[in-house]
Amino acid sequence: MSRKRGISSAALIGIVVVILAVVAVGAYLATRGGGAPTTTTTTTTSPTTTQTTTQTTTTAQAKAAIVIGVTDKVTDLDPANAYDFFTWEILYNTMEGLVKYKPGTLEIVPGLAENWTVSSDGTIWTFKLRPNLKFSDGTPLTANDVVRSIKRVININGDPSWLVTSFVKDVEAPDNLTVVFHLKIPCSYFLSVLATPPYFPVNPNYPNDRYVSDALWGGAGPYKIANFTRDQELDLVPNPYYYGPAPNNSKVIIRFYKDASTMRMALLSGEIDIAWRTLLPADIVALSKQSGINVISVPSTFIRYLVLNVNMSPTNNLLVRQAIAAAINRTQIISTALMGAGTPLYSLIPTSMSAYKPVFLTYYGDGNLSLARQLLSQAGYSETNKLQLTLWYTPTHYGDTEASVATLIKQELEATGMIAVTLQSAEWGQYVQNARSGQMGAYLLGWYPDYLDPDDYTTPFLHTGDNKWLGNQYSNPQMDKLLEQAQVTVDEAARNQIYAQVQNLLAHDVPIVPLFEGKLYIAASSSISGIVPSPTMILMYNSITKTK
């Protein structure tokens, strides 16, 4: 996630049919009442009904337990420090924020808050909590708990704290049902940021001055944690105090597997009902032909890309970077290395977002060797004076297919007849260090979103200073100005026009070559129903049902 997360974990989150920008901006516009000069109220009625402890328990006893297998690990169950995709999934199921995503969509709907307003200048956001909220142990949940939890994230200053500190100047609770955010600058996508775990209220047992990695106290989500044995099993049971409907299952058991093959065998043997993150492409192909197994495609917003160091020879030459962009054939990478588990990407912004423009396809095509050779000739290279390029990749962090992806890119570049590529690899820790210290000229990376908005796919990569983690030394004052304008522009059409300029400048400067969007898959026993694939890439467990 953050500017840290994209380069770090294979994890997370998260990372959409109608764009989050549309959703966030739409919600923002709605709350602003069309930009009226005074504060305007919006939203919302409770989508669900209150459940009593007795009702929930009685219903749950008639339902079956669900067993889910994963190859991910839980890193930190404290939202003040949790910063990986799968752990956030656990938090989304055991905690809840003031707003949340409507299942299967990027539409932001009320969560613990039943409505909200925003000031005309876009800097003061006021949320009204539902009455009679409780944590999963029955402790009342008030606005002061929300404020304490957010200030706790700021105080602890863990990995995801920037999601709060970059936006929130102050947060206060004028009464037990009201939370008021004072933002540092107007933020058109604040609702998307607010939907992330660092904003989730946590049980009062969480200390203010430190995070607790194996904390089981939880928050106020659909489930509570009944048992956690690290790297082995995590058990969730319905939260009897949740304000919404009880889950469609009596229990969710998460089992952790060392690799995808072991998880696939566990599904075939009936040891688990669902194989989730992350199956290998070959497993997906095999399971899709297996009787009694359903394979479900999940829309995703995680992206892969090639970084080019603009200050290191030979990629400091604009013509060289443009030639590389022209030579790469994304379709071939997806069909060969990924066995179809991906979608070509011609911008850093995902294809599902309305701001997306396929600028690299427009500028360079896909696998356009003649254009690549033309650009290389202009740069002074030839078949007898080849461009010497070292391409770096990390062998395990992005899965077993990474070496194949790097090898295919090498073949595509060398197909120009004017580039000689040397492949080098390093394990993740060293790889990150090499990137951040600017020691690599061309290297493969991936990005899982922190929040679902075009800003999260552009500013961390292209804005001077925000992209230090990337290590490619890119800086362009015109790009900085455009990104800053987009951050405070509320009107969706106007914002998309700015992002069109951003993407055109990206395609011209080529500090990064977008490659593809990944695809996720869920393989489930035919006894399972109610799985709702979501563009958030988060699997919510409460809708899943098992036929006994």
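Solvent-accessible surface of protein heavy atoms, probed at 1.4 angstrom with all chains present, puts Met263, Met339, Met312 in the order Met339, Met312, Met263, largest first. The GluC sites (Glu not before Pro) of the stretch 392-477 meeting both criteria, a DSSP state outside H, G, I, E and B (loop) and at most 16 other C-beta atoms within 10 angstrom of the site's C-beta, are Glu427.
Legend: calculated FRET efficiency, Lys184 to Asn227, from the Cβ-Cβ distance at R0 = 51 Å, rounded to 0.05, equals 0.80.
Computed extension length for Gln497-Asp400: 31.1 nm, one decimal, from 0.36 nm per residue of separation with the Cα-Cα distance subtracted. With the simple model of a label 7 Å out from the Cα in the direction of the Cβ, Asn144 to Leu216 spans 2.8 nm. Extending 7 Å from Cα along the Cβ direction at Gln439 and again at Ala286 yields two label points whose distance is 3.8 nm.
Show which aspartates and glutamates lie in cross-link reach of Lys184 when reach means a straight Cα distance below 13 angstrom and same-chain residues fewer than eight apart are skipped. Filter leaves Asp121, Asp170.
Ordering Asn434, Asn81, Thr142 by the projection of their Cα atoms onto the charge dipole of the chain, which places +1 on the Cβ of Lys and Arg and -1 on the Cβ of Asp and Glu, puts Thr142 at the extreme positive end. Given R₀ = 41 Å, FRET efficiency for Trp428-Ile154 by Cβ-Cβ distance, to 0.05? The formula returns an efficiency of 0.90 here. Considering the zone a paramagnetic label at Gln473 would reach in this model (a point 7 Å from Cα along the Cα-to-Cβ line), which residues of the stretch 307-325 have amide N under 16 Å from it? Only 307-321 fall inside the zone, counting backbone N under 16 Å.
Based on C-alpha pairs under 8 angstrom that are at least 6 apart in sequence, the stretch 475-548 has a relative contact order of 20 percent.
With a threshold of 30 Å on the Cα-Cα distance, the over-threshold entries among Lys102/Lys519; Lys102/Lys468; Lys258/Lys468; Lys410/Lys468; Lys73/Lys289 are Lys102/Lys468; Lys258/Lys468. Peptide packing for 125-133, 215-223 was compared via the average number of neighbouring C-beta atoms within 10 Å per residue; ordered from the highest value, the list is 215-223, 125-133. Mean sequence separation of contacting Cα pairs (under 8 Å, at least six apart), scaled by the length of the stretch 422-494, corresponds to a relative contact order of 27 percent. In this simple spin-label model, placing a label point 7 Å from the Cα along the Cα-to-Cβ direction at both Gln485 and Lys73 gives a separation of 4.6 nm. Taking every Cα-Cα distance in the stretch 73-208 and sorting them into 10 Å bins from zero, the calculated P(r) comes out as 12, 46, 36, 5, 0 percent.
Enter the accessible area per residue of the stretch 378-427 (Å², integer; probe 1.4 Å; all protein chains in place).
On a per-residue basis, 44 Å².
Our Cα-only numbers for the chain put the radius of gyration and Dmax at 23.7, 80 Å. Here r is the Cβ-Cβ distance between Ser382 and Leu318 and R0 is 22 Å; the resulting FRET efficiency, rounded to 0.05, is 0.75. Exceeding 31 Å between C-alpha atoms, which entries from my cross-link table qualify? They are Lys63/Lys128; Lys169/Lys251; Lys151/Lys251; Lys134/Lys169. Listed pairs above 31 Å: Lys63/Lys128; Lys169/Lys251; Lys151/Lys251.
Stretched out fully, how many nm does the piece from Ala65 to His508 gain, at 0.36 nm a residue minus the Cα gap?
154.1 nm
What percent antiparallel are the DSSP beta bridges of the chain, to the nearest 5? Bridges in the chain that DSSP calls antiparallel: roughly 75 percent.
The values are calculated or read from the model by the stated rules, or taken from the named source; none is laboratory data. Nothing here was measured: the structure is a model prediction, and the numbers come from that model. Cβ sites come from the backbone with ideal geometry, for glycine too, and all protein chains shown count toward neighbours. What goes into the accessible areas is simple: the full protein's heavy atoms, side chains included, and nothing from ligands, DNA or RNA. Shrake-Rupley method; radii C 1.70, N 1.55, O 1.52, S 1.80 Å.
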